[in-house]
Amino acid sequence: MIIGIILVVAIIFRLVNINQSLWLDEATQVLLSQKSLYSIFFERTADFHPPLSYVIYHFWMQISQTEIWLRSLSVVFGVLTVYLTYKLALLIFNRWVAITSSLLMAIAPYHIYYSQEIRMYSLAVFLSLLSVYFLVLQLRNGFKMMYKLGFILATATLIYTHYMGLFLIIALLTYLFLQKKESLIKLLTQFLIIILLYIPWLPQLIKQLQGGVNVDSYLPHWREVLTLDLYKAVPLTIFKFSIGRIDFENQTLYIVVAGLVLIIFGYLLIKGILILKDDEKILSFWFIIPIILSLVVSVKTPLFQPFRLLFIIPAFYLILAGGIYQSARFRYLLLLVVIWVSLIGNIFYIFNSRFQREDWRGVSNFLQSRLNNDQIKVLSVWPEPFPPYEWYMNDKSALHMGSDLPYSYSEIDKSLNSVKFKEVYLLEYLQDLSDPNRLTQHWLEKNGYQVKDIEDFRGVGFVYHYVKK
């Protein structure tokens with residue numbers, strides 16, 4: 001009965017704001033998923049992800065291509081994750097921890113956000129949890145064929161969904177080597193099968209890794225977008241897992257709130273980790289090892305972002321619930337504090353549009369209402385179409401610049417010297433990377449264009465309307 005209510009709560013929170021516009025990454029996902037299966041497997045070398053989520057969306061999109069339908073797949077996996085958190089906690093803890101951890105997962109603001117994302121993250125969280133669940137079943141109840149198949153399929157599917165799943169495999173092997181050597185010997189065949197199943201993908205993985213390593217050579221500031229400063233990485237991950245994707249414009253307030261959240265949640269995490277015993281210790285390896293590996297890899301390849309570590313969030317809340325349970329005198333007070341922090345994060349996300357996704361649908365509606373003749377053109381300060389622009393604007397193509405970033409004035413002049421349009425709508429999106437000195441605006445003004453009006457769209461930035469004098 002209680003878990004049923006918790007699942008209803010999980011569904012409600014994940015359906016709120018589900019009709020948001022697609023943003024850059026989501027539009028990339030759907031455009032790539034539209035392509036042929038051959039293209040999905042062999043022609044995505046610039047996209048650093050395994051193929052499975054694209055294959056799933058390829059077929060999911062055959063039914064409908066509305067934002068609600070596309071997001072509903074992640075919602076399903078998000079709700080299943082809440083239920084499986086309950087089941088795993090029952091297996092290794094007790095009913096109180098099971099109810100608490102599933103409740104916290106149901107209202108977890110960071111998980112809710114990505115349970116609405118048209119990407120692979122919600123599926124990866126579910127599969128990582130399923131993998132751990134089947135492994136614990138084997139350790140607790142014996143090496144039954146159903147458990148073996150479940151573990152192999154869940155883990156293999158995970159690493160075909162998200163590369164960070166490889167870190168989970170390393171974490172599980174480390175746990176078994178240090179804590180369960182006898183069981184490791186019995187499980188080696190299963191891990192070997194998983195590796196063999198992954199071998200066909202290794203050539204494509206190598207190509208994508210080369211693209212990630214070389215990103216600085218053709219896009220100097222993209223590393224800053226892809227990864228965090230390493231000294232911020234761990235505290236920011238814990239903070240975002242706790243309160244979601246919100247921040248505060250007032251830096252003093254942000255530091256105070258972040259400090260309080262980190263103290264409370266950090267205390268509960270440490271307490272929860274220290275009390276783990278026997279099979280429960282798998283949670284600490286699941287939580288800690290991927291963070292360490294992400295830090296190490298990010299020194300060379302831009303990688304570390306909290307959302308890429310989302311697959312460890314069930315371990316986060318299971319450990320947290322265990323820490324709360326062990327705080328006997330203040331158990332319910334601490335639980336209320338954690339619930340309150342989660343609800344604050346959700347309230348900000350639901351009611352403050354600043355924390356919602358980029359409004360490319362709004363940009364599209366705005367531009368389509370104004371592109372009414374051949375003398376009006378959209379200008380993008382980027383070498384290729386932005387995926388959400390391509391998704392929403394259909395055949396209304398934009399002017400683009402060259403491929404040598406960041407742009408020099410001579411490169412801009414070369415790209416735009418044939419522009420003869422009476423009106424130009426300039427998209428500022430990602431211009432801090434492509435043209436940080438705003439040389440494009442300078443070129444337009446030098447060549448007889450003046451700003452008539454400016455529109456601001458959430459997450460996308462300014463759209464400048466230039467008119468020829």
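Per-residue answers, yes or no, for (1) loosely packed, with under 13 Cβ neighbours inside 10 Å; (2) hydrophobic (A, V, I, L, M, F, W, C); (3) in a helix (DSSP H, G or I); (4) in contact with a Lys or Arg (Cβ under 9 Å, 6 or more places away or on another chain):
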| position | (1), (2), (3), (4) |
| --- | --- |
| LYS414 | no, no, yes, no |
| SER418 | yes, no, no, no |
| TYR425 | no, no, no, yes |
| ASP432 | no, no, yes, no |
| GLN441 | no, no, yes, no |
| GLN450 | yes, no, no, yes |
| GLU455 | no, no, no, no |
| VAL463 | no, yes, no, no |
| TYR466 | no, no, no, yes |
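Among the residues of the range 84-100, those that are of a type outside the set (Val, Ile, Thr) and within 19 Å of LEU137 (Cα to Cα) comprise LEU84, TYR86, LYS87, LEU88, ALA89, LEU90, LEU91, PHE93, ASN94, ARG95, ALA98. Has the range 374-382 got at least one residue that is charged (D, E, K, R), within 22 Å of GLN29 (Cα to Cα) and within 34 Å of the chain's Cα centre (by Cα)? No, the conditions are met nowhere in the range 374-382. Here ASP47 does not qualify as of a type in the set (D, E, K, R), in a helix (DSSP H, G or I) and in the same structural domain as SER183 (by TED's automatic domain parsing). Since SER39 meets every condition but one in (1) in contact (Cβ under 8 Å) with a residue 60 or more places away in the chain; (2) farther than 24 Å from PRO109 by Cα; (3) in a helix (DSSP H, G or I), which condition does it not meet? Among (1) in contact (Cβ under 8 Å) with a residue 60 or more places away in the chain; (2) farther than 24 Å from PRO109 by Cα; (3) in a helix (DSSP H, G or I), the lone unmet condition for SER39 is (1).
Here the helices (runs of 4 or more DSSP H) wholly within the range 305-376 that include at least 1 residues being within 25 Å of TYR429 (Cβ to Cβ) and among the hydrophobic types (A, V, I, L, M, F, W, C) are 331-351, 360-368.
Of the residues making up the range 387-412, those that are of a type in the set (S, T, N, Q) and either in a loop (DSSP other than H, G, I, E, B) or not assigned by TED's automatic domain parsing to the domain that holds PHE366 (or both) are ASN394, SER397, SER403, SER408. Just one of the listed residues (LEU268, LEU219) is modelled with pLDDT of 95 or more and either under 21 Å from the mean Cα position of the chain (by Cα) or assigned by TED's automatic domain parsing to the domain that holds GLY345 (or both), and it is LEU268. For PHE191, the requirement of being surrounded by 15 or more Cβ atoms within 10 Å (Cβ to Cβ), under 30 Å from ILE11 (Cα atoms) and modelled with pLDDT of 95 or more is not met.
The set of residues in the range 344-390 that are exposed (fewer than 14 other Cβ atoms within 10 Å of the Cβ) and under 30 Å from ILE6 (Cα atoms) comprises ILE347, PHE351, ASN352, SER353, ARG354. Within the range 7-39, the set of residues being surrounded by 20 or more Cβ atoms within 10 Å (Cβ to Cβ) and over 18 Å from TRP391 (Cα atoms) comprises ALA10, PHE13, ARG14. Pairing each residue of the range 348-376 that is among the small types (Gly, Ala, Ser) with any residue that is surrounded by 16 or more Cβ atoms within 10 Å (Cβ to Cβ), provided the two are 6+ apart or on different chains, yields C-beta distances under 7 Å for SER353/ARG458; GLY362/SER21; GLY362/PHE457; SER364/TYR392; SER364/MET393.
From the residues in the range 106-140 that are under 18 Å from TYR175 (Cα atoms) and of a type in the set (S, T, N, Q), which one is farthest from the chain's Cα centre (by Cα)? By that ranking, first place goes to GLN138. On the stretch given as the range 269-311, residues that are under 21 Å from ARG331 (Cβ atoms) and charged (D, E, K, R) total 3.
The values are calculated or read from the model by the stated rules, or taken from the named source; none is laboratory data. Just so it is clear, the structure is predicted and the values come from calculations on it, not from any experiment. For neighbour counting, all protein chains shown are included, and Cβ atoms are generated from backbone atoms with ideal geometry for every residue, glycine included.
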